Amino acid sequence: MLFAAIETNRSLVDLSARARADGLRQIASGTIPTSKLIDISSFRTQFCVYTFTTKTRAVEPHLILADAATVASQDRWAFDILIYGGDVKLKEVVAAVKAMAANL
């Protein structure tokens, strides 16, 4: 229900680090017992929340393909746990995961 990728030794301004982090959003195929999977990609205190909807098999925000010349923008990691709004978002994610787990 929840995946987390934490990049502690890389800078958010490093294009190759962002490309690798976005590349981690490869969702396994198969049967998933919940309506969605949540993935957190973090660079230090900044994070992005990916949501994989099992019914449509869609990922939001969209994936940056490994062979594409485009790298995910720094703006994708817009939430910061140390700033109001970021902490609220993280609490929302935790509450959603708890609710999904309770329904299994």
What are the residues in the range 33-50 that are loosely packed, with under 15 Cβ neighbours inside 10 Å and closer than 17 Å to Ala101 by Cβ, if any? Pro33, Ser35
So Leu24 fits all but one of (1) buried (at least 17 other Cβ atoms within 10 Å of the Cβ); (2) under 14 Å from Leu2 (Cβ atoms); (3) at pLDDT below 70; what number is the exception? (1)
Looking only at residues in the range 35-69 that are part of a strand (DSSP E or B) and of a type in the set (Gly, Ala, Ser), which one is modelled with the lowest pLDDT? Ala58
Inspect all residues belonging to the range 70-79 and state whether any of them is aliphatic (A, V, I, L, M) and either modelled with pLDDT under 85 or within 13 Å of Leu2 (Cα to Cα) (or both). yes
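The values are calculated or read from the model by the stated rules, or taken from the named source; none is laboratory data. As the structure is a prediction and not an experimental result, all values here were calculated from the model. With ideal geometry, Cβ positions are generated from the backbone for all residues, glycine too; neighbour counts draw on all protein chains shown.
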